[in-house]
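Notes follow the structure.
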Amino acid sequence: MIALVKTDIIDATPSERSAPWARAFAVVYDPFLYAGERAGVRALRKELLGKARGFTVEVGSGTGLNLPYYPDDLDTLVLTEPDPAMRSRLEKRLRGSDRDAGVVHAPAEQLPFANRSVDTVVSTFAMCTVDAPELALREIVRVLRPDGQLLFLEHVRSHSPRLASWQDRLAGPWRRFARGCRCNRATAALIETCGLTIDDLHEASWRAMPPIVRPLIAGRAQIGTTDA
Ligand SMILES: C[S@@+](CC[C@H](N)C(=O)[O-])C[C@H]1O[C@@H](n2cnc3c(N)ncnc32)[C@H](O)[C@@H]1O
């Protein structure tokens, strides 16, 4: 078993520097989300992460907003984050907590874990931002044990044609503002086409946030029976 503790900070490129907006975005990320977290997302995170078990890997951990909600009895917790500015905030939050976890510099498309080795993968507001979500989801399928689970909380493309059309129209500017985030991505469908089966799905609204990112899905997917 991999036994990372919070002092095991793995950073493949310690000298890497973020562009100015990347650094600024990392600074404003928590304040920008604050109202939405208070208005319900914190509760969604708490409910979702309570289901994590065993060897748990989070993808796109950002500044570490999920940290307080992981169960204490996980075997191992590894937080992956490819962006240096976000990762630096994540490491700071981890140092200030009493949580044992490793931080790994890795994109979700290339996870440094063996096939079928992970019990739980967590993705919260990460599948909107990864450049190649199909690759990332197939990578998650690769690392999950046969009885493993993907726990997700994501903002997604709206069912409403009117709102979806606004999401399409504003996708470009939103993506530039939110560091690669796609506000119009149909993530549930992607999950299901990449070898996972969703067996628990809740829809919610991200209150106190711009309408184009309000439609939320939260739930669990497991390795499907269809060919991945
Ligand atoms: C909107 S933030 C979400 C952060 C955190 N998961 C949360 O719930 O607040 C998206 C995160 O995904 C990260 N990210 C971007 N590209 C990624 C990739 N290819 N693989 C994994 N994470 C990625 C970003 O650096 C950022 O930290």
- Query: Hey, among the residues in the range 204-220 that are of a type outside the set (A, V, I, L, M) and under 17 Å from the mean Cα position of the chain (by Cα), which one's most open to solvent (accessible area, probe 1.4 Å)?
  - Reply: Arg214
- Having 2 or more residues that are within 12 Å of the ligand (Cβ to nearest atom) and more than 29 Å from Leu74 (Cα to Cα) is the bar; report the helices (runs of 4 or more DSSP H) wholly within the range 108-209 that clear it. 171-177
- Task: Take the residues in the range 66-85 that are among the hydrophobic types (A, V, I, L, M, F, W, C) and surrounded by 20 or more Cβ atoms within 10 Å (Cβ to Cβ), then tell me which one is nearest to the chain's Cα centre (by Cα).
- Result: Leu79
- Query: Taking Glu58, is it out of contact with any Pro (no Cβ under 9 Å at 6 or more places or on another chain), surrounded by 14 or more Cβ atoms within 10 Å (Cβ to Cβ) and assigned to a helix (DSSP H, G or I)?
  - Reply: no
- Task: Return yes or no: is Ser97 at pLDDT 95 or above, assigned to a loop (DSSP other than H, G, I, E, B) and open to solvent by less than 60 Å² (accessible area, probe 1.4 Å)?
- Result: yes
- Just give me the residues in the range 38-55 being open to solvent by less than 10 Å² (accessible area, probe 1.4 Å) and charged (D, E, K, R), in sequence order. Arg45
- Checked Gly60, Gly36 against criteria (in contact (Cβ under 8 Å) with a residue 60 or more places away in the chain, touching a Phe, Trp or Tyr at 6+ places or on another chain (Cβ under 6 Å) and within 12 Å of the ligand (Cβ to nearest atom)); the one match is Gly36
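The values are calculated or read from the model by the stated rules, or taken from the named source; none is laboratory data. Please read these numbers as outputs of a predicted model, since none were measured by experiment. Cβ coordinates were reconstructed from backbone atoms using ideal geometry, including for glycine residues, and neighbour counts include every protein chain displayed. Surface areas here come from the heavy atoms of the whole protein model, side chains and all, with no ligands, DNA or RNA. Shrake-Rupley method; radii C 1.70, N 1.55, O 1.52, S 1.80 Å.
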